[in-house]
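Engineer: Okay, here's the structure, questions in a sec.
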Amino acid sequence: MRIRAAVAAELPLLQDIERAAGEPFRSLGMAAIADDDPPSLETLEAYRRAGRAWVAADAADRPVAYLLTDPVDGAAHIEQVSVHPDAARRGVGRALIEHLAVIAEKEGLTALTLTTFAEVPWNAPYYARLGFRPLDDSDPALTEGLRAIARAEAAHGLAAWPRVLMRRDLTDAP
C-alpha cells in the first residue's frame, strides 16, 4: 500500500469508495448514512487542488481509501476518511491518519481533530485506539471552529445519532 496525493482522474473512484464504505451502516439501522451522497467531484477537486486529499493505493496503484483534511484552529481536521470494505481491517485508515499526522506536524499544527459517531464500532472506539480523545463542552480544546463544524453536521442531519468531537495532540501520538 502506498499513500500519495489524489489525482484528478481518480476522483470518481473516491466517490465509489465513499458509497461502499457507507454500506455497513445499514446493519446498524443507519440507512440514511449509507444513502448519503459522497462529496461532489467539485468538492473533491477543491481538496485535491489545495493539497489536502490523499489516497491509499493498492499494488496496482488504484485507490482503496482516501482522506480529506481542513486546517481548523491550528489543527488538521479530518473532514473525511473512508476505506473500501474490501480493504478494511488492514491498517489502511490508520496509515492515512499517520500520514496526515506527519504532514500536520511539519506544518506546525498542534493536533488532529475529527467528528464521528460515538457508538459505531469503527468510528469513535477505533479513533480512541489511535490516540484520539473525546472533547466535552467544557474542554478548552473544543474550539469555535470545531463547534461550527458540529453545528453544520447537525444541520445536515448527522445529529440523529450520538456524535463526538475528538482530538489527538501530535506530541502524544501512539
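Engineer: Å³ per residue of the Cα convex hull, for region 63-166?
Structural biologist: 105 Å³
Engineer: If you don't mind, another one. Beyond 25 Å, what percent of the Cα pairs of the chain remain?
Structural biologist: For the chain, the share of Cα pairs beyond 25 Å comes to 29 percent.
Engineer: Please turn the phi angles of region 109-114 into ³J(HN,Hα) values with the Karplus equation 6.51 cos²θ - 1.76 cosθ + 1.60 (θ = phi - 60°), one per residue in order, whole Hz, x for glycine and proline.
Structural biologist: Ordered by residue, 3J(HN,Hα) equals 7, 9, 7, 10, 10, 6 Hz.
Engineer: Output the Cα-based Rg and Dmax of region 23-108 in Å, rounding Rg to one decimal and Dmax to a whole number.
Structural biologist: 14.0, 40
Engineer: For region 1-66, I need the span (max minus min coordinate) of the C-alpha atoms along each principal axis, in Å, sorted largest to smallest.
Structural biologist: 34, 27, 16
Engineer: Same structure, new question: With runs of 4+ DSSP H residues as the only contributors, calculate the mean residue ellipticity of the chain at 222 nm using -39,500 (n - 2.57) per run, divided by the residue total and rounded to the nearest 500.
Structural biologist: About -10000 deg cm²/dmol.
Engineer: Would you mind checking which residues have amide H under 5 Å from A111's amide H? H placed 1.01 Å from N; only 5 or more apart, or other chain.
Structural biologist: A76, L170
Engineer: Tell me, what ³J(HN,Hα) does each residue in region 32-38 have, in order and in whole Hz, if you take phi through Karplus 6.51 cos²θ - 1.76 cosθ + 1.60 with θ = phi - 60° and put x for Gly and Pro?
Structural biologist: So the J values, rounded to whole Hz, are 4, 6, 4, 8, 5, 5, x.
A short reminder: the numbers here are calculations on the coordinates, not readings from a lab. These numbers come from a predicted model, not from an experiment.
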